[in-house]
């Protein structure tokens, strides 16, 4: 399975409010908008409703907003990059610069947990966060994300299989 396909990175978010930023990423990401079964507006509301329950800003300038929908067969991930930062009610009080949005089928909870733990492990690395934020184009960030994420997912799969 491929992650961070073309159309999964939204460059230079303008929104500074978390709900507006969620809307901007979902509506701007071809990975969501061109998905044939996904009702983008409904999914956006699912993610916002989930975010209202508890902030997904876990610190270090990163948030992983998510929503479950039976309109996707496989987990779908997009990343919005904000130079200015988004007020996200993060646990450390810092603005978010990397906003991941994950769409997941309700029956695939283990896949979601693997994706979430991989994203968290990946973005805990300060050097990696800096690399993404200093990319010059969305395609550079997308390539870097795809490479690191795929390598980490495969390593986790091998550990779990052994």
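Consider residue 81 carefully, then state whether it is in contact (Cβ under 8 Å) with a residue 60 or more places away in the chain, in contact with a strand residue (DSSP E or B) (Cβ under 8 Å, 6 or more places away or on another chain) and closer than 20 Å to residue 7 by Cβ. So that I can check it myself, show each step before the final result.
On the way: in contact (Cβ under 8 Å) with a residue 60 or more places away in the chain: yes; in contact with a strand residue (DSSP E or B) (Cβ under 8 Å, 6 or more places away or on another chain): yes; closer than 20 Å to residue 7 by Cβ: yes.
Considered against the rule, which asks whether it is in contact (Cβ under 8 Å) with a residue 60 or more places away in the chain, in contact with a strand residue (DSSP E or B) (Cβ under 8 Å, 6 or more places away or on another chain) and closer than 20 Å to residue 7 by Cβ, residue 81 comes out as yes.
Please return the ranges of strands (runs of 3 or more DSSP E) entirely within the range 40-134 where 2 or more residues are under 12 Å from the mean Cα position of the chain (by Cα). Let's see the steps before the verdict.
Values: elements: 57-59, 62-68, 76-86, 96-104.
It comes to 62-68, 76-86, 96-104.
Against the definition (within 24 Å of residue 47 (Cα to Cα), in contact (Cβ under 8 Å) with a residue 40 or more places away in the chain and surrounded by fewer than 16 Cβ atoms within 10 Å (Cβ to Cβ)), how does residue 156 come out, yes or no? So that I can check it myself, show each step before the final result.
Numbers: within 24 Å of residue 47 (Cα to Cα): no; in contact (Cβ under 8 Å) with a residue 40 or more places away in the chain: yes; surrounded by fewer than 16 Cβ atoms within 10 Å (Cβ to Cβ): yes.
So residue 156 does not fit the description; no.
State all residues of the range 34-86 that are at pLDDT 95 or above, in contact with a helix residue (DSSP H, G or I) (Cβ under 9 Å, 6 or more places away or on another chain) and surrounded by fewer than 15 Cβ atoms within 10 Å (Cβ to Cβ); if no residue qualifies, say none.
41, 52 - these are the residues of the range 34-86 that are at pLDDT 95 or above, in contact with a helix residue (DSSP H, G or I) (Cβ under 9 Å, 6 or more places away or on another chain) and surrounded by fewer than 15 Cβ atoms within 10 Å (Cβ to Cβ).
How many of the residues in the range 108-144 are free of Cβ contacts under 8 Å to residues at least 24 places away in the same chain, surrounded by fewer than 15 Cβ atoms within 10 Å (Cβ to Cβ) and out of contact with any strand residue (DSSP E or B) (no Cβ under 9 Å at 6 or more places or on another chain)?
Looking only at that region, the number is 7.
Within 12 Å of the chain's Cα centre (by Cα), in contact (Cβ under 8 Å) with a residue 40 or more places away in the chain, under 17 Å from residue 145 (Cα atoms) and crowded, with 20+ Cβ neighbours inside 10 Å: is that true of residue 4 in this structure? Reasoning before the result, please.
Values: within 12 Å of the chain's Cα centre (by Cα): yes; in contact (Cβ under 8 Å) with a residue 40 or more places away in the chain: yes; under 17 Å from residue 145 (Cα atoms): yes; crowded, with 20+ Cβ neighbours inside 10 Å: yes.
The answer is yes for residue 4.
Could you please find all residues in the range 8-28 being part of a strand (DSSP E or B) and buried (at least 18 other Cβ atoms within 10 Å of the Cβ)?
Going residue by residue through the range 8-28, those that are part of a strand (DSSP E or B) are 9-10, 17.
The answer is 9, 10.
Could you say whether any residue in the range 22-38 is within 19 Å of residue 123 (Cβ to Cβ) and more than 12 Å from the chain's Cα centre (by Cα)? If you could, list the steps in order and put the result at the bottom.
Taking the range 22-38 and keeping what is within 19 Å of residue 123 (Cβ to Cβ), we get 22, 25, 29, 31.
If we keep only those that are more than 12 Å from the chain's Cα centre (by Cα) as well, we get none.
No, the range 22-38 has no match at all.
The values are calculated or read from the model by the stated rules, or taken from the named source; none is laboratory data. Keep in mind that this is a model prediction, so the values were computed, not measured. Glycine also receives a Cβ, built like all others from the backbone with ideal geometry; neighbour counts cover every protein chain displayed.
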